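**Student:** Below is one structure. I have some questions about it.
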Amino acid sequence: MDIIAVKNLYFTYADGGEALRNINLAIPRNQIFVLFGPSRAGKSTLMRLFNRLSDLSENATHQGNVLIDGNDVFEPGTDVYDLRRRISMVFAVPTPLPGSIYDNLTYGLRMSGMRDRAEMNRRVERSLQQAALWDEVKDRLKTSAFALSGGQKQRLCLARSLALEPDVILLDNPTSGLDPLSTATVEESLYELKRRYTIVMVPHSVQQAARVADQAAFMLDGEVIEVDSADKLFIHPKSKRTEDYITGRFG
Amino acid sequence: MTRQQTHRIAITVMTIVSAIVVIPIIMVIGYVIWMGISAVNWEFLTQAPRNGMTEGGIMPAIVGTVILTLGTAIVSMPLSIATAIYLAEYAGDNRVTRWVRLAMVNLAGIPSIVYGLFGLGAFVLFAGFGTSIIAGSLTLGIMTMPVVISTSEEAILAVPQQFRTVSLSLGASKWQTIWHQILPQALPGILTGMILGLGRAAGETAPILFTVAAFYLPQLPQSIFDQTMALPYHLYVIATQVPGMPVSIQYGTALVLLGFVLSLTLIASLVRTFMRRQREW
């Protein structure tokens, strides 16, 4: 079964602006699934519905279903805090919380009620290694997370999500502010990560989408225009609009 | 005239105007120190008044004001912070919050003597506390609430939105987010507002006039249901009600009260500066 399935999903903001229209998607496990398209296409809005961060947009309305492992996230009994730990989001602007690197990495765990120090230490080390940050920070885990460089902060935020051992990682343009070298570091770690996790990502550019994606969906004005495996979609797109976008004719 | 010249003239004018604002406060403080410093000594600070209050010290009034300030904090702080959290994080904009805000604006505008009368009716008589520290603290606490609520709400709203989003995205509940992220970061602002509110409460005479203040009570209060002397009321008494009062004792009392209130203000700015420096973003 696909880990995420979206069926006939509509989403409208409080001001009446329709952000998503009739979205249908199936995201398989252990792949990098890329949502790409011009700005205001609804990519981030769609990702935020996967773990109900969309709840933060007051008075927004939705129709249709978002199924995680077959369970609708909008079912009344859903444990939304648990959902957000399982479907964990990394934001475009790397935002450490006030406190040390260690505090950041264990924040989600502590909030879930974990008290086991040894388990937390194990997860801190493992998530930092997975995010390719361990060697740079292992001697200063108790120092402020704000002292890290931009690229390190973004990997810290990735590690902070990984420490939760989620099923899905949502990456909203995770390399937006990074230099090419840091971007390469993050991209490389993604290939490792998809063996363990499912990754849904809004890429920085079409080039990045083509580099990292297993499957990709092209979005435009709140609709999914085309979904296909990356091999097909970036080489022989079916839709004229997809082709125009990836060849740089608009966007 | 060149732009540089107009710029320079504007700066000069603003500097002078700002200096003029500072002059009255320096004169007030300077005059009180000049007139009162001779009375302030160890005996003055540690002894009870003697001989119809014309001799001895003002120790019971100092202790009373400290107790009342603490009592005000105990009453006002939890209520104000809870209200501020509710307004900033939960309430949104609806009929209830509009009423709460309207109430706050009006509370802030009520003359302090009216608080005093209200405290007499509600706490001294109706609740049956009598003229007591608890009645006075409740009255002063309610009086300081509007300013503490609005400064706390501002401090809470000033915490950047992304910290809330990140905390929630890591599976924290709304309350956990408030407790672990918002309140620690808003604390300098909340404490500053609180201490400034207490500074005002410490110097007020009217709210304590009917609710707690004793004309002359050389021994210290034994419980929160006792009366106590307090500096502002004592000052009022010795300035207007006691014939043959040495001027130096009046101004000495004023100086002690001024020192107490100014040190609260000073603590507020130290707290703010220190905690701001701890902050990393």
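The values are calculated or read from the model by the stated rules, or taken from the named source; none is laboratory data. Quick caveat, the model's predicted, so the values are computed rather than measured. Because the Cβ atoms are built from the backbone with ideal geometry, glycine has one as well, and the counts that use them run over all protein chains shown.
**Student:** Would you mention how many residues in the range A:134-159 are more than 18 Å from A:Leu190 (Cα to Cα), in a helix (DSSP H, G or I) and within 12 Å of chain B (Cβ to nearest Cβ)?
**Tutor:** Within the range A:134-159, residues that are more than 18 Å from A:Leu190 (Cα to Cα), in a helix (DSSP H, G or I) and within 12 Å of chain B (Cβ to nearest Cβ) number 3.
**Student:** Mind counting the residues in the range A:73-105 that are farther than 17 Å from B:Thr165 by Cα and surrounded by 22 or more Cβ atoms within 10 Å (Cβ to Cβ)?
**Tutor:** 1
**Student:** Continuing with this model, one more query. Between a residue in the range B:53-74 that is in contact (Cβ under 8 Å) with a residue 40 or more places away in the chain and crowded, with 20+ Cβ neighbours inside 10 Å and any residue that is part of a helix (DSSP H, G or I) and among the polar types (S, T, N, Q), which pairs come within a Cβ distance under 7 Å, given they are 6 or more apart or on different chains?
**Tutor:** So the pair list comes out as B:Ile58/B:Thr253; B:Leu68/B:Ser137; B:Gly71/B:Ser137; B:Thr72/B:Ser137; B:Thr72/B:Thr144.
**Student:** Further, regarding this structure: What's the number of the condition A:Arg115 fails, among (1) outside any helix (DSSP H, G or I); (2) modelled with pLDDT of 95 or more?
**Tutor:** With respect to (1) outside any helix (DSSP H, G or I); (2) modelled with pLDDT of 95 or more, A:Arg115 is out only on (2).
**Student:** Another question about this same structure. Condition test on A:Leu67, is it of a type in the set (A, V, I, L, M), more than 10 Å from every other protein chain (Cβ to nearest Cβ) and touching a helix residue (DSSP H, G or I) at 6+ places or on another chain (Cβ under 9 Å)?
**Tutor:** no
**Student:** Picking from B:Leu266, B:Leu258, B:Leu191, which residue would you name as being under 22 Å from the mean Cα position of the chain (by Cα), under 30 Å from A:Ser100 (Cα atoms) and not in a loop (DSSP other than H, G, I, E, B)?
**Tutor:** B:Leu191
**Student:** Let me ask something additional. So, B:Met59, is that one more than 30 Å from B:Ile190 (Cβ to Cβ), among the hydrophobic types (A, V, I, L, M, F, W, C) and within 23 Å of the chain's Cα centre (by Cα) or not?
**Tutor:** Here the answer is yes, as B:Met59 does meet what is asked.
**Student:** Determine, yes or no, whether B:Val114 is without any contact (Cβ under 8 Å) to a residue 24 or more places away in the chain and within 18 Å of the chain's Cα centre (by Cα).
**Tutor:** In short, yes.
**Student:** Follow-up question, since we're still on this one. For the structure I just gave you, tell me whether A:Ser205 is of a type in the set (S, T, N, Q) and surrounded by 18 or more Cβ atoms within 10 Å (Cβ to Cβ).
**Tutor:** For A:Ser205, the condition - of a type in the set (S, T, N, Q) and surrounded by 18 or more Cβ atoms within 10 Å (Cβ to Cβ) - is not met.
**Student:** Provide a single number: the residues in the range A:43-58 that are outside any helix (DSSP H, G or I) and hydroxyl-bearing (Ser, Thr, Tyr).
**Tutor:** Counting residues in the range A:43-58 that are outside any helix (DSSP H, G or I) and hydroxyl-bearing (Ser, Thr, Tyr) gives 1.
**Student:** Given A:Leu97, A:Leu109, which one is within 14 Å of chain B (Cβ to nearest Cβ), under 21 Å from the mean Cα position of the chain (by Cα), assigned to a helix (DSSP H, G or I) and in contact (Cβ under 8 Å) with a residue 24 or more places away in the chain?
**Tutor:** A:Leu109
**Student:** For the range A:85-94, what are the residues that are within 9 Å of another protein chain (Cβ to nearest Cβ) and closer than 19 Å to A:Thr143 by Cβ?
**Tutor:** Hits for the range A:85-94: nothing passes.
**Student:** Just to check your reading of the model, which residue among A:Thr175, A:Thr183 is assigned to a loop (DSSP other than H, G, I, E, B) and either acidic (Asp, Glu) or within 24 Å of A:Pro96 (Cα to Cα) (or both)?
**Tutor:** None of the others qualify; the one that does is A:Thr175.
**Student:** Same structure again: It is to be established whether one or more residues within the range B:61-77 are in contact with a His (Cβ under 6 Å, 6 or more places away or on another chain) and either charged (D, E, K, R) or within 18 Å of B:Leu257 (Cα to Cα) (or both).
**Tutor:** Yes, the range B:61-77 has at least one match.
**Student:** Assuming B:Thr240 fulfils every condition listed in (1) without any contact (Cβ under 8 Å) to a residue 40 or more places away in the chain; (2) among the hydroxyl-bearing types (Ser, Thr, Tyr); (3) crowded, with 16+ Cβ neighbours inside 10 Å apart from one, which condition is it?
**Tutor:** (3)
**Student:** Under the condition of being within 28 Å of B:Ala122 (Cα to Cα) and touching a Gly at 6+ places or on another chain (Cβ under 7 Å), which residue from the range B:141-165 is nearest to the other protein chains (Cβ to nearest Cβ)?
**Tutor:** The selected residue is B:Ser152.
**Student:** Further, regarding this structure: Just to be sure I understand the filter: pairs with C-beta atoms under 8 Å, separated by 6 or more residues or on different chains, first member in the range A:227-251 and surrounded by fewer than 11 Cβ atoms within 10 Å (Cβ to Cβ), second member assigned to a helix (DSSP H, G or I) and among the small types (Gly, Ala, Ser). Which pairs pass?
**Tutor:** Taking only residues 6 or more apart or on different chains, not a single pair turns up.
**Student:** Given the conditions (1) under 19 Å from B:Gln222 (Cβ atoms); (2) in a helix (DSSP H, G or I), report the number of the one that B:Thr131 does not fulfil.
**Tutor:** Failing condition for B:Thr131: (2).
**Student:** List, please: which pairs have Cβ atoms under 8 Å, are six or more places apart or on different chains, and start with a residue in the range B:176-197 that is within 12 Å of another protein chain (Cβ to nearest Cβ) and at positive phi and end with one that is modelled with pLDDT under 95 and not in a helix (DSSP H, G or I)?
**Tutor:** none
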